[in-house]
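Report on one structure; see the data block that follows.
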Amino acid sequence: MSGRDMAKPLLGHRSMEGDPSITPAAGRTIGVLGSGDFARSLAIRLVCSGFKVVVGSRNPKRKAGLFPSAAEVTFQAEAVKKTDVIFVAVFREHYSTLCDLADVLAGKILVDVSNNTEINHHKESNAEYLASLFPACTVVKGFNVISAWTLQSGARDGNKQVLICSNNQEAKRTVAEIAQVMGFTPVDMGCMSSACEIENIPLRLLPAWKIPIFLALGLFLCFFTYNLIRQVIHPYIREQKNKLYKIPIEVVNTTLPCVAYVMLSLVYLPGVLAACSQLYYGTKYRRFPDWLDQWLQHRKQIGLLSFFCAALHAVYSLCLPMRRSHRYQLIETAVKQAVEKKMNIWVEEEVWRMEIYISVGIIALGLLSLLAITSLPSIANSLNWREFSFIQSTLGFVALVVSTLHTLTYGWSRAFDENQYKFYLPPTYTLTLLVPCTVILAKVFFSLPCIQQRLLRIRRGWEKGRYVKFVLPSTTGEYSSGETSSNV
């Protein structure tokens, strides 16, 4: 199994929740070897779930106070003798210290809960190494993706899935039974060869977020450099004015909405490309290219990053009047108007532009907030498919249109002002309109009745070029067979 597959939801593996072969196991005795944080949390959870717990430690008198009073803390050899299922909660480098217990451990089920410090740090997994040290035991890999905090607070406050693998089906069933009684969802990951991938899961840092984050950073650097040239370097070269003070707030605040706007359009662009592919090939069964498939899978993360940038833009915009430079500019403008004896500086067009610009921006941010909230699993699980699709698809497209109006209102007629083209570079907001407008025009095109009906037929299983058998009566009264294309 590749690392890319492991980053996907575990839909391809069999959940053991509700399996009739799994029967309640509360009341049986469970052994725990180790006295670290995870061992203590495990013992607490087992006791709260109704199990009898025997903890094996090399220093039972000193460690007894760390465990719940209901758990029995004794020497390792004594703990092993009292149970058939033992959680090995020690590090890989300390497995060899258990070799003296090999005779007592024979025939027992050992549950390896350990993890490594690096991905693929060893050639073999910790569970396989433990199995090689104790060939007379049955080793099961499990509980390593559950944190000590989750064990203490319960399954409701953390990840409920417990990934389990072993070469012994009966041992897996026993451990799955224990996990289910503890309130977790056991997931059968197959044989022991899957242990290496299971051990790598806790070591991966946001596997589904890497591509979206790099995409957002790339867009930020591009737009930041572009705005820096226009707002700081151009005044310095042409007018010898030092505008470096604009970098921390103004340049960043000009960059953030560009990133948010383009990222939002990138959420819906792969859907447009997928629809074009289906219309071109006339089928929904043709596999998308890998890059498009990956793009479609990362839309949620891209949308959340878009909301994050938009929220930062709103905060930065509220802070603009608080800058010292802004106050100096206001005073300077007031002094100039007093010297020139200008009593009325009201510009009707600018007033309306800013009022509409801010109002539309607030609506866009509100819609993005709704999209972000409904993407959370706890909220999404309470919605049916039609509700979720309406919010994420229909309201998401409305958010893109409103964001486009927000950008157009900001530009107003300034896009046709030659003074806005510094170093012959167009204003930044005109560049951001390219991708969103393409998506909007494509959506309008797909909403045409003839295109919409064809696309709907394809997504319901119709295929272009598929031939259908038919039978026609001949002039002699006999029947002859033929075929025709389903797209006729």
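Each reported figure results from applying straightforward, stated rules to the coordinates on display, with no laboratory input. Because the structure is predicted, anything quoted here is derived from the model rather than measured. In this analysis, Cβ positions are derived from the backbone assuming ideal geometry, glycine residues included, and neighbour counts consider all displayed protein chains.
I'm checking a number: the convex hull volume of the Cα atoms of the chain, normalised per residue, in Å³. What is it? Working shown, then result.
Working: hull volume 126.0 nm³, N = 488.
In the chain, the Cα convex hull volume per residue is 258 Å³.
Could you check the simple spin-label distance between Phe446 and Tyr280, using points 7 Å along Cα→Cβ, in nm with one decimal?
With each label point 7 Å from Cα toward Cβ, the separation is 1.5 nm.
Around Phe423, with a cut-off of 11 angstrom between Cβ atoms, what is the net charge of the other residues, counting Lys and Arg +1 and Asp and Glu -1?
+3
For the chain, what relative contact order do you get, as a whole percent, if you take Cα pairs closer than 8 Å and at least 6 residues apart?
Computed over the chain, the figure is 11 percent.
If I fit a long axis through the Cα atoms of helix 210-228 and take the longest principal axis of the Cα atoms of the chain, what angle between them do I get, 0 to 90°, rounded to 10?
Here the helix axis deviates by roughly 30 degrees.
Mind ordering 338-348, 164-174 by average Cβ neighbours within 10 Å, highest first?
Top to bottom by mean Cβ count within 10 Å: 164-174, 338-348.
Compute, for the chain, the length of the dipole vector about the Cα centre, with Cβ point charges of +1 (Lys, Arg) and -1 (Asp, Glu) only. Units Debye, rounded to 20.
The dipole magnitude comes to about 740 debye.
Counting DSSP beta bridges with both partners in the chain, what percentage is antiparallel, nearest 5?
30 percent
Subtract the Cα-Cα distance of Cys99 and Trp346 from 0.36 nm times their separation in residues, and report this length gain in nm to one decimal. Spell out each step's value before the answer.
On the way: separation 247, 0.36 × 247 = 88.92 nm, distance 8.71 nm.
Length difference between fully extended and current span is 80.2 nm.
Based on the mean of other Cβ atoms within 10 Å per residue, sort peptides 138-145, 68-75, 241-248 so the most packed one is first.
Values: 138-145: 24.9, 68-75: 16.4, 241-248: 13.4.
With the highest mean Cβ count within 10 Å placed first, the list reads 138-145, 68-75, 241-248.
How big is the Cα convex hull of the range 197-246 in projection, averaged over all directions, in nm²?
For the range 197-246, the mean projected area of the Cα convex hull comes to 4.8 nm².
Could you list, in their original order, any pairs among Lys81/Lys108; Lys52/Lys81; Lys108/Lys160 whose Cα atoms are separated by more than 18 Å?
Lys108/Lys160
Over all distinct Cα pairs, what is the inverse of the mean 1/r for the range 111-156, reported as the Kirkwood hydrodynamic radius in Å?
Mean inverse Cα-Cα distance, inverted, gives 12.0 Å.
Per q in 0.11, 0.12, 0.13, 0.19 Å⁻¹, report the Debye log10 I(q)/I(0) for the range 29-203, using one uniform scatterer on each alpha carbon and no solvent.
Calculated log10 I(q)/I(0) at the listed q: -0.40, -0.48, -0.57, -1.32.
At 222 nm, what value in deg cm²/dmol follows for the chain if DSSP H runs of at least 4 each add -39500 (n - 2.57) and the sum is divided by all its residues, to the nearest 500?
Numbers: 22 runs with 244 residues, N = 488.
Computed mean residue ellipticity for the chain: -15000 deg cm²/dmol.
Could you give me the radius of gyration and the Dmax of the range 165-302, taking only the C-alpha atoms into account and expressing both in angstrom?
Just the Cα atoms of the range 165-302 yield Rg and Dmax of 24.6, 80 Å.
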